[in-house]
Amino acid sequence: MCCGLCGDKQALDLLKTMPVDQDVLFAMGLLGDVTAIPLLIRALEHEDHAEAASLSLYLVTGAPLYETVFVPEAVDEDLLFDDEKEKLARGEVLWPPGKEPGETVTRLSRQATDWRSWVQEHGERFDSSRRYRNGRLFSPECLIENLGSESVPARVREAAYEELAIRYAVDFSFDLRMPVEAQLNALEKYEAWNQAVTDRFEPGEWYAGGNIMEPCHAR
């Protein structure tokens, strides 16, 4: 995930050489490089990668694409009777229709067709030379929004804290294990800091330590 937290635009090329897994896909989302979108959409077609790919697509585009699905409860074979184990071994269903244990959840869409349609309709508003978060040009404000949001996974909030420190050299000691009041106090400090430095950072640029990162050119 380091490439996503501190990499420049060339970091995506490095990530593309790595075996695809959830951490690599998440790092692509953190980078905010829109040229990764086609790769992330293709990753949706693989069940093991779909969750991370959909999250990263959301981080880059901010697209509110959701689906409501039934998620079956994982089968613990140690709790099954012998006849149920035999059914499972034969690939037969264990429960009558509508009786399977599990829950209905609303989550980010993992359907490649949904994301392709959205990109086809909205993709032109993105500039491939810039980076994005939540569908907007990447900025401290976007990270503070993620930091305080309860609607994103904990790993996104944790990454936002690290990104603020790495990218913009600001650290007000935020931790999800802190009491809520302490978290809110830290968020107020971040928001006040952001107001004070609004004109200092160019939205969509690649920063490290509060300075624009110079592109690395191979010699």
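The values are calculated or read from the model by the stated rules, or taken from the named source; none is laboratory data. Since we're looking at a predicted model, the values are computed, not measured. For neighbour counting, all protein chains shown are included, and Cβ atoms are generated from backbone atoms with ideal geometry for every residue, glycine included. Note: accessible area is taken over every heavy atom of the protein model, side chains too, but ligands, DNA and RNA are not part of it. Shrake-Rupley method; radii C 1.70, N 1.55, O 1.52, S 1.80 Å.
Restricting to region 25-54, and then to whatever is outside any helix (DSSP H, G or I) and not charged (D, E, K, R), can you tell me which residue is farthest from residue 105 (Cα to Cα)?
If we filter region 25-54 for residues that are outside any helix (DSSP H, G or I), which is where we start, we get 32-33, 44-46.
Then drop every residue that is not not charged (D, E, K, R), which leaves 32, 44, 46.
Numbers: 32: 27, 44: 18, 46: 20 Å.
It comes out as 32.
Within region 172-200, being closer than 15 Å to residue 149 by Cβ and assigned to a loop (DSSP other than H, G, I, E, B) holds for 174, 176.
Answer with yes or no whether residue 19 is in a helix (DSSP H, G or I) and out of contact with any strand residue (DSSP E or B) (no Cβ under 8 Å at 6 or more places or on another chain). Walk me through it before giving the result.
Working: in a helix (DSSP H, G or I): no; out of contact with any strand residue (DSSP E or B) (no Cβ under 8 Å at 6 or more places or on another chain): yes.
So residue 19 fails the test.
Of everything in region 97-112 that is in contact with an Asp or Glu (Cβ under 8 Å, 6 or more places away or on another chain) and part of a strand (DSSP E or B), the residue that is modelled with the lowest pLDDT is 102.
Look through region 174-209, keep the residues that are of a type in the set (S, T, N, Q) and modelled with pLDDT of 95 or more, and return whichever of them is surrounded by the fewest Cβ atoms within 10 Å (Cβ to Cβ). It comes out as 195. Exactly one residue among 112, 169, 159 is touching a Gly at 6+ places or on another chain (Cβ under 9 Å) and either under 22 Å from residue 43 (Cα atoms) or buried (at least 16 other Cβ atoms within 10 Å of the Cβ) (or both), and that residue is 159.
Would you confirm whether any residue within region 55-76 is over 17 Å from the mean Cα position of the chain (by Cα), modelled with pLDDT of 95 or more and either loosely packed, with under 15 Cβ neighbours inside 10 Å or not in a helix (DSSP H, G or I) (or both)? Even if it seems obvious, please write down each step before you answer.
Initially, region 55-76 is screened for residues over 17 Å from the mean Cα position of the chain (by Cα), giving 68-76.
Subset that is modelled with pLDDT of 95 or more: none.
Looking for residues that are over 17 Å from the mean Cα position of the chain (by Cα), modelled with pLDDT of 95 or more and either loosely packed, with under 15 Cβ neighbours inside 10 Å or not in a helix (DSSP H, G or I) (or both), one finds none in region 55-76, hence no.
Scanning region 1-42 for residues that are buried (at least 17 other Cβ atoms within 10 Å of the Cβ), of a type in the set (D, E, K, R) and more than 15 Å from the chain's Cα centre (by Cα) returns 8, 9. Taken over region 113-156, the residue count meeting the criterion of being outside any strand (DSSP E or B), in contact with a Leu (Cβ under 8 Å, 6 or more places away or on another chain) and among the charged types (D, E, K, R) is 2.
What do you reckon, is residue 45 over 14 Å from the mean Cα position of the chain (by Cα), at pLDDT 65 or above and open to solvent by 70 Å² or more (accessible area, probe 1.4 Å)? Lay out the reasoning, then the answer.
On the way: over 14 Å from the mean Cα position of the chain (by Cα): yes; at pLDDT 65 or above: yes; open to solvent by 70 Å² or more (accessible area, probe 1.4 Å): yes.
Against the criterion (over 14 Å from the mean Cα position of the chain (by Cα), at pLDDT 65 or above and open to solvent by 70 Å² or more (accessible area, probe 1.4 Å)), residue 45 qualifies.
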